[in-house]
Amino acid sequence: MSVQERGEVEAAVRALLDDLVADDPVLGTALGMTEGAGRLPSWSAAALERRRELLHEHERRLAPLVAAEDAGAAVDAFAALQVIHRRLRALELRRVPERHPGAVLEVVAGVFPLLVRELGTPAERVEALASRLAGVPQLLADARDALEPGLSAASVESGIDYAEGLLDLVGPTARGFAASVGRAGAVDKASAAARAALTAFRDHLRDELAPTASDDCGAGEAVLADILRWEHVLDDPPEVLAAYGREVLDETNAAMEAIAAAAGYAGAAEAVAAAQAVTPTAAGLVDDYRRAVEEARAYVVEHDIAGLPAGEELEVVATPAFLRSLLPFAAYDAPGPFSERQLGFYYVTPPPEGLTEDEVRDILRGHSVASLRTTGVHEAYPGHHLQLVSANFAPTLARRIAGLPDGGNLLVEGWAFYCEELMDREGFLDDPVVRLMRLSDQRWRACRVVIDVELHCGRMGLDEAVGFLVSEAAMNRREAELECRRYAEEPGQAMSYLLGKREVMRLAEQWGAARGGTLRAFHDELLSWGSLPPAVIAWGMGLGSRPAAARVSS
C-alpha cells in the first residue's frame, strides 16, 4: 500500500482504538492491555450518548479512507468501519442497553481475565480486581435504569441465568484468587458489594421484568439486513440463505444415512446413539481432550497444513466453576493481540459432582470418543486457536483488531468449521464413525442458518425454533432451548458457521484457480488477514471486487 495512504489509515485506526479503550477498559483487557485494568465502562445515559457521538466522529473520519486506491489501505479502513458499525448497531439499531440485560453482564465478566491472564504482577491484578468489583454496583444500577419494560422473555431469561453464573465469579472465585497470591481478604468488601448488586439485578429481572416479557424475540429484518451487508458482507437475501441451510440439512441427513447403512445400522439415529455410548470417563475427560488436541497439532505440523505462529501456546483445562452453567461442553478463550504471552485456554466442562451414575452417563454422551478429535480440530488446531493467534500477528493494526468486539464470526466460526472437513479430507478425521458425528454436528449448523434467518425475520417463533432443533438435529429440548435463546440474543452469529465455511471454501477455489499454490500457502495467506469476512479478504487479495458496503462508504 502507498506510504501516504498507509499512514492516514494507520493513524485513524490507532485513534479509534485509543478512544475505544479509554471509553471501555474491559475491551482493553480483552485485547491484552494493562491500562485501565481497574476500571469498568459507564452505562449511564450520558455515557451511552457520548459513546454514540464518539463512534460517529470516527466513522466520519474513516469513511473517506475506504476509497483509497490501494486495496490494502482500503481494506484496513473498512475493517475499522466494521468495528464502528458493530458498536453502532448495538447502540442504535438493536438498542442493546435498553433491551438486552445480558450485555452489561458481559462487562461484569470482564473481571475474569484478571484471574487467568498475566496482566501485571499478582499484586497489581488483585488491586485491579478489587477496583473493578467495587465498580459493579454503580454499573448495574445504571444498567437497571436503562432497561425498558416489555423485553423479550428469551433476553430476560438469559440475563437471569448469566447473573446467577457470575455470582460465583465475583464471590468465591475472586476471593480465592486473592488468597492464592497471598492477598486473602483484599477483595472481600468489593466482592460482597458486587454479589449483592448482581443478586439485586437478577431479582429485578426475575420479579419485575419477567412478568411483562414478550414472546417476540426476533431482532427484525432491518437488523439482519445490516448484519448481512456490514458484518458478513454477503449479497444473498435472507430467504436464499435459509433455503441453503435446508438444502445442506437434507444433504447431510442423506450422507449420515449412507454411513449408517454401510456400518450395518438400521438408520443414522441408531448409529449416532451407538457412537455416543462410547465415552471417556469423567475423571479422564480433560486428559482425553488434551490428547486429542496434541494429536491434531502434530498432524497439522507433519502434513504441512498450516504454519504455527512463533510462541503460540495452548492449555487444555477444566472449565472454571463460574462458567460451567454457560459452557456445558467445551470452548476456547483466545489471547488478545497485545498479550505478551500468546496463550489460549481450551476449557472442558466435566460432569458436576453429586450426580447419579445415569446422570453422569447422560452428560458424557455429549463428549463421545468419536467427537473428541473433531472438537479439538474445531477449537484448537487448525481451528480457533491457530486462526485467532495468527490474527494477533496480522501485519496491520486494523487486521489485528478486526474482530472486536464480538465480531468477525463469518471467518472465525467459518474457518473452524471448514477445518473439520479439511482434516477429514487430509486423513485425520476419516474414520467412518468420526465422520458420522462430524456430519451430525453439520446438521445442527445447517439448522442454525434456518433459525437465525427465520427467527429474526419474524417467520419463526422461539418455540418453533426449539422444536426445529429437536426434530431436525436430534437435540434434547433443554439444550435446544438454551441454544435458541442464544440465537435470539446474537442475530447473525448462528448462521456464521455453515455460511462461513461455504465462503472459505469458495475463496480457496478462487485462490487455487488464480495462483495454484499449496494448501499451506493458501491457509497462511488467508490467516494473515485477521478475522475479516472472506469477501473482504478476497478483495484485499485481488481475487474479488470491492464489496457494496465499501462502495457506499466511499
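The values are calculated or read from the model by the stated rules, or taken from the named source; none is laboratory data. Only a predicted model underlies this, so the values are computations on that prediction, with no experimental measurement involved. Neighbour counts run over all protein chains shown; Cβ positions are idealised from the backbone, glycine included.
Condition first: of a type outside the set (S, T, N, Q), within 17 Å of the chain's Cα centre (by Cα) and part of a helix (DSSP H, G or I). Now tell me which residues in the stretch 492-526 satisfy that.
Those that are of a type outside the set (S, T, N, Q), within 17 Å of the chain's Cα centre (by Cα) and part of a helix (DSSP H, G or I): 497, 498, 499, 500, 501.
Could we say that residue 463 is closer than 22 Å to residue 382 by Cβ, in a helix (DSSP H, G or I) and among the charged types (D, E, K, R) here?
Judged against the criteria, residue 463 is not a match.
Here are some residues: 438, 515, 477, 445. Which one is in the same structural domain as residue 399 (by TED's automatic domain parsing) and surrounded by fewer than 23 Cβ atoms within 10 Å (Cβ to Cβ)?
477
Test of understanding: among 186, 219, which residue is touching a His at 6+ places or on another chain (Cβ under 6 Å) and not in a helix (DSSP H, G or I)?
Checking each option against the conditions leaves just 219.
Residues checked against (1) among the hydrophobic types (A, V, I, L, M, F, W, C); (2) surrounded by fewer than 23 Cβ atoms within 10 Å (Cβ to Cβ); (3) free of Cβ contacts under 8 Å to residues at least 40 places away in the same chain:
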site: 458; (1), (2), (3): no, yes, no
site: 473; (1), (2), (3): yes, yes, yes
site: 494; (1), (2), (3): yes, no, no
site: 525; (1), (2), (3): no, yes, yes
site: 536; (1), (2), (3): yes, no, no
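Please go through the stretch 544-554 and give me each residue that is free of Cβ contacts under 8 Å to residues at least 40 places away in the same chain, surrounded by fewer than 17 Cβ atoms within 10 Å (Cβ to Cβ) and not in a helix (DSSP H, G or I), ordered by number.
545 - this is the single residue of the stretch 544-554 that is free of Cβ contacts under 8 Å to residues at least 40 places away in the same chain, surrounded by fewer than 17 Cβ atoms within 10 Å (Cβ to Cβ) and not in a helix (DSSP H, G or I).
Among the residues of the stretch 196-235, count how many are over 22 Å from residue 99 (Cβ atoms) and more than 26 Å from the chain's Cα centre (by Cα).
Total satisfying the criteria: 2.
If residue 11 satisfies all but one of (1) surrounded by fewer than 20 Cβ atoms within 10 Å (Cβ to Cβ); (2) of a type in the set (A, V, I, L, M, F, W, C); (3) touching a residue at least 12 places away in the same chain (Cβ under 8 Å), what's the number of the condition it fails?
(3)
Inside the stretch 144-155, can you point out the residues that are surrounded by fewer than 23 Cβ atoms within 10 Å (Cβ to Cβ), in contact with a Lys or Arg (Cβ under 8 Å, 6 or more places away or on another chain) and either of a type in the set (Gly, Ala, Ser) or assigned to a helix (DSSP H, G or I) (or both)?
Correct list: 152 only.
Kindly check whether there is at least one residue in the stretch 391-408 that is touching a residue at least 12 places away in the same chain (Cβ under 8 Å), over 23 Å from residue 314 (Cα atoms) and surrounded by 24 or more Cβ atoms within 10 Å (Cβ to Cβ).
Residues of the stretch 391-408 touching a residue at least 12 places away in the same chain (Cβ under 8 Å): 391-408.
Those still in the list that are over 23 Å from residue 314 (Cα atoms) too: 396-398.
Then drop every residue that is not surrounded by 24 or more Cβ atoms within 10 Å (Cβ to Cβ), which leaves 398.
Looking for residues that are touching a residue at least 12 places away in the same chain (Cβ under 8 Å), over 23 Å from residue 314 (Cα atoms) and surrounded by 24 or more Cβ atoms within 10 Å (Cβ to Cβ), one finds at least one in the stretch 391-408, hence yes.
For the stretch 273-304, which residues satisfy the criterion of being surrounded by 15 or more Cβ atoms within 10 Å (Cβ to Cβ) and either farther than 18 Å from residue 378 by Cβ or in contact with a Lys or Arg (Cβ under 6 Å, 6 or more places away or on another chain) (or both)?
Of everything in the stretch 273-304, those that are surrounded by 15 or more Cβ atoms within 10 Å (Cβ to Cβ) and either farther than 18 Å from residue 378 by Cβ or in contact with a Lys or Arg (Cβ under 6 Å, 6 or more places away or on another chain) (or both) turn out to be 274, 276, 279, 282, 292.
Would you confirm whether any residue within the stretch 429-449 is touching a helix residue (DSSP H, G or I) at 6+ places or on another chain (Cβ under 6 Å) and closer than 20 Å to residue 157 by Cα?
The answer is no; no qualifying residue exists.
With over 25 Å from the mean Cα position of the chain (by Cα), within 24 Å of residue 129 (Cβ to Cβ) and aliphatic (A, V, I, L, M) as the only criterion, which of 15, 47 stands out?
Of the residues listed, the single one that is over 25 Å from the mean Cα position of the chain (by Cα), within 24 Å of residue 129 (Cβ to Cβ) and aliphatic (A, V, I, L, M) is 47.
For the stretch 66-143, please list each of the helices (runs of 4 or more DSSP H) lying entirely inside it that holds at least 2 residues being of a type in the set (D, E, K, R), closer than 30 Å to residue 4 by Cα and at pLDDT 95 or above.
Helices (runs of 4 or more DSSP H) meeting the threshold: 71-88.
From 250, 235, 216, 287, which residue is of a type outside the set (Val, Ile, Thr) and within 28 Å of residue 154 (Cα to Cα)?
Going through 250, 235, 216, 287 in turn, just one is of a type outside the set (Val, Ile, Thr) and within 28 Å of residue 154 (Cα to Cα): 216.
To keep it simple, each residue is scored yes or no on (1) crowded, with 21+ Cβ neighbours inside 10 Å; (2) in contact (Cβ under 8 Å) with a residue 24 or more places away in the chain; (3) under 30 Å from residue 9 (Cα atoms).
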position	(1), (2), (3)
98	no, yes, no
114	yes, yes, no
128	yes, yes, no
140	yes, yes, no
167	no, yes, no
170	yes, yes, no
178	yes, yes, no
182	no, yes, no
192	no, no, no
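Output the residues belonging to the stretch 242-272 that are in contact with an Asp or Glu (Cβ under 8 Å, 6 or more places away or on another chain) and either part of a helix (DSSP H, G or I) or surrounded by 19 or more Cβ atoms within 10 Å (Cβ to Cβ) (or both). Quick ask: steps written out before the conclusion?
Narrowing the stretch 242-272 to residues in contact with an Asp or Glu (Cβ under 8 Å, 6 or more places away or on another chain): 242, 244, 249, 260, 267-268.
Of everything in the stretch 242-272, those that are in contact with an Asp or Glu (Cβ under 8 Å, 6 or more places away or on another chain) and either part of a helix (DSSP H, G or I) or surrounded by 19 or more Cβ atoms within 10 Å (Cβ to Cβ) (or both) turn out to be 242, 244, 249, 260, 268.
Is there any pair linking a residue in the stretch 275-299 that is touching a residue at least 60 places away in the same chain (Cβ under 8 Å) and assigned to a helix (DSSP H, G or I) to one that is surrounded by 19 or more Cβ atoms within 10 Å (Cβ to Cβ) and of a type in the set (Lys, Arg), with Cβ under 6 Å and at least six apart or on different chains, and which?
Note: pairs meeting the criteria are 292/373.
Does the stretch 531-538 contain any residue that is part of a loop (DSSP other than H, G, I, E, B) and either touching a Ser or Thr at 6+ places or on another chain (Cβ under 7 Å) or at pLDDT below 95 (or both)?
no
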